[in-house]
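As structure tokens, the structure follows; a few thoughts come after it.
The values are calculated or read from the model by the stated rules, or taken from the named source; none is laboratory data. Bear in mind the structure is a predicted one, so any value in this text is a computation, not a measurement. Note that we place each Cβ from the backbone using ideal geometry, even for glycine, and neighbour counts take in every protein chain shown. We work out accessible area using only protein heavy atoms, side chains counted, and drop any ligands, DNA or RNA first. Shrake-Rupley method; radii C 1.70, N 1.55, O 1.52, S 1.80 Å.
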Amino acid sequence: MNEKMVERAMRGETEAFEEIVRQWEPRLYSFALKHLGNVDDAKDITQEVFFLVYRKINQIKKPESFSSWVFSIAMNEIRKMWRKRARERVEIKLPSHTSEKEGYAVIALQMITPEQREAILLKEIEGFSIKEIAGILKIPEGTVKSRIFYGLKALRKEYLRLKEESHERLQ
Amino acid sequence: MKDCSEYKKMLVSFLYREISPEEERIILEHLGTCEECREDLRELREAREILKSSFDEGEPYSVPVVIVEKRERLPWIAALFLLLFFVFLMGVKVKIGENNIEVSTMNSPSIYEYMVEYSEESTNFQPDLSDYKNYFENTEKGGEK
């Protein structure tokens, strides 16, 4: 993200903010969708995060840390959604153009713990460093590594089991 | 000699090349002698490959965003009503406690039911996951340390 764009948005320039939304919308929506596995929840999260970014953008202390700041907001909103969903049945609802492989991966992601999932997605999809993830999630770096270690192992196991069960059903 | 569990975090640093030269020397030396950690590393790499191949080829998702100004603070009368309601609920909770009724407030993620559907017309991918409630209850998940 262009720092000058962030600074312009911080000064209240609507065009700069609109450009930020254009650049960030697919990234945030995809992230929320992988995390929640539901298009409706992902849309709600994306809308809410941009609303909060719009309201709080002039509070950023370091424009160069805009990415981490946005993902901190996104993680807070996703956690709220998870707390809400903890009392409900989880419905996986994916866009129609989702490939079979991608579908299995999203479902497998729902089978690991939310804490493991957030660390893995921030690392594997968003490419943050372990240190940056520790900052976003406000946890020690050792905990990030532990969540990634056990999360990746559990994810692989669930993904392979899903594929195997699917093939058995087709036979 | 360190216990294998102490190398797990180092393996993650090694996997992402976020490791100091000294730690890299230590983990490489350990991997040379430990079959279990070599297997862990192989599984971690396989999981990364699953994610990479699953998400890299897909079409990007998109959703129109509309920013609408909304009221952030509740009017004071609504806040007062909520406070009274909370006091009322506390009273109910005390009564439940007196009657020895246990109330569970949070479900474990392991008992979620999963159903899959698509937002528009369906594709060939239609896994039947309706029986997953029992499956999740009986599945042991990877824990954290």
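So what is the relative contact order of the range A:97-171, in percent, for Cα pairs below 8 Å that sit 6 or more residues apart?
For the range A:97-171, the relative contact order is 39 percent.
For the range A:1-93, with only Lys/Arg (+1) and Asp/Glu (-1) charged at the beta-carbon, what is the dipole magnitude about the Cα centre, in debye rounded to 20?
Value, rounded to 20: 480 debye.
Before I look further, what does the range A:91-171 give for accessible area per residue, probe 1.4 Å, in whole square angstrom?
Using a 1.4 Å probe on heavy atoms only, each residue of the range A:91-171 averages 36 Å².
Once R0 is set to 35 Å, what does the formula 1/(1 + (r/R0)^6) return for the Cβ-Cβ distance between B:Ala78 and A:Lys61, expressed as a FRET efficiency to the nearest 0.05?
Computed FRET efficiency for B:Ala78 and A:Lys61 comes out at 0.60.
With the contact rule set at Cα under 8 Å and sequence spacing of 6 or more, what percent relative contact order holds for chain A?
Relative contact order of chain A: 22 percent.
Compare A:Gln116, A:Gln47, A:Gln59 in a GNM of chain A, Cα atoms joined below 10 Å, and give the one with the largest fluctuation.
Result: A:Gln59 has the largest fluctuation of those listed.
Could you grab the relative contact order for the range A:1-93? Cα pairs under 8 Å, six or more apart, rounded to a whole percent.
33 percent
Taking R0 as 25 Å, what's the FRET efficiency between B:Glu22 and A:Met10 from their Cβ-Cβ distance, rounded to 0.05?
The formula returns an efficiency of 0.05 here.
Rounded to the nearest 10 degrees, what's the angle between the helix A:39-56 long axis and the longest principal axis of chain A, both from Cα atoms, 0 to 90?
That works out to roughly 20 degrees.
Report, in listed order, any pair from A:Lys80/A:Lys153; A:Lys157/B:Lys8; A:Lys61/A:Lys138; A:Lys4/A:Lys80; A:Lys34/A:Lys80; A:Lys123/B:Lys52 with a Cα-Cα distance greater than 20 Å.
A:Lys80/A:Lys153; A:Lys4/A:Lys80
Quick check on chain A: helices-only [θ] at 222 nm, where DSSP H runs of length 4 and up contribute -39,500 (n - 2.57) each and the sum goes over total residues. Nearest 500, please.
The helix-only estimate for chain A comes to -25500 deg cm²/dmol at 222 nm.
For the pair B:Leu89 and B:Glu29, how long in nm is the line joining their label points, each one 7 Å along Cα→Cβ?
If labels sit at B:Leu89 and B:Glu29, their model points lie 5.7 nm apart.
Between A:Arg22 and B:Cys4, what is the spin-label point distance in nm, taking each point 7 Å from the Cα along the Cα→C-beta axis?
5.4 nm
Mind putting a number on the dipole of the range A:97-171 about its Cα centre? Charges go on the C-beta only, +1 for Lys and Arg and -1 for Asp and Glu, and I need it in Debye to the nearest 20.
The calculation lands at about 240 debye.
What figure, in Å² to the nearest 10, do you get for the accessible area of B:Met10 with a 1.4 Å probe and non-protein molecules left out?
Rounded to the nearest 10, the figure is 20 Å².
Taking Cα atoms, how many degrees apart are the long axis of helix A:114-124 and the longest axis of chain A, rounded to 10 and kept between 0 and 90?
70 degrees
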